[in-house]
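Written below as structure tokens is the structure these notes are about.
Derivation of every value follows stated rules applied to the coordinates shown; laboratory data play no part. Given the structure is predicted, the values throughout are model-derived calculations rather than measurements. Cβ coordinates were reconstructed from backbone atoms using ideal geometry, including for glycine residues, and neighbour counts include every protein chain displayed.
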Amino acid sequence: MNNKGFEKFSINKRIKSAFYALNGLKVLLREEHNSRIHVGIAVVVIGAGFLFGISATEWMIVCLLIALVFGLEIMNSAIENLCDYISPEWREAIKKIKDLAAAAVFVASVVSVICGAIIFLPRICDFF
């Protein structure tokens, strides 16, 4: 069997890959204002989860939604940076690409707020 194109598994390469990913998170948090807003909201939501004692299923939903929003924010930032690199001048096509990437984050954020309201509003109302 021909293994051309396949590299032997290397733990060192996997470790380097993890460091590259962590560097990407560092870039995101340093350079992208919206990511810091998402971190703040995530901290508040996680704190509320502990405060109100949400169920395991609700924790899974909260964690998945936080990961979804962050993942899409990362992709949005990567797409925006790539577009700026390819075409520093304003172009309608680049604007559409950036708007579509931003829309993905927006949709995930709105759905997250709705799910958060479903999970937390009854508990907040009972609290007061």
Restricting region 20-70 to residues that are surrounded by 14 or more Cβ atoms within 10 Å (Cβ to Cβ) and of a type outside the set (A, V, I, L, M, F, W, C), which is farthest from Leu121 (Cα to Cα)? Glu32
Residue count, region 78-100 (criterion: among the acidic types (Asp, Glu) and under 20 Å from Ala21 (Cα atoms)): 1
Under 8 Å between Cβ atoms, at least 6 apart or on separate chains: pull out the pairs that start in region 91-115 with a residue that is charged (D, E, K, R) and end on any residue that is surrounded by 13 or more Cβ atoms within 10 Å (Cβ to Cβ). Lys98/Ile79; Lys98/Glu80; Lys98/Cys83
Out of region 74-128, which residues are among the small types (Gly, Ala, Ser), in a helix (DSSP H, G or I) and either under 13 Å from the mean Cα position of the chain (by Cα) or surrounded by 12 or more Cβ atoms within 10 Å (Cβ to Cβ) (or both)? Ser77, Ala78, Ala101, Ala102, Ala103, Ala104, Ala108, Ser109, Ser112, Gly116
Of everything in region 12-50, what is basic (Lys, Arg) and farther than 19 Å from Ala102 by Cβ? Give them in sequence order. Lys13, Arg14, Lys16, Lys26, Arg30
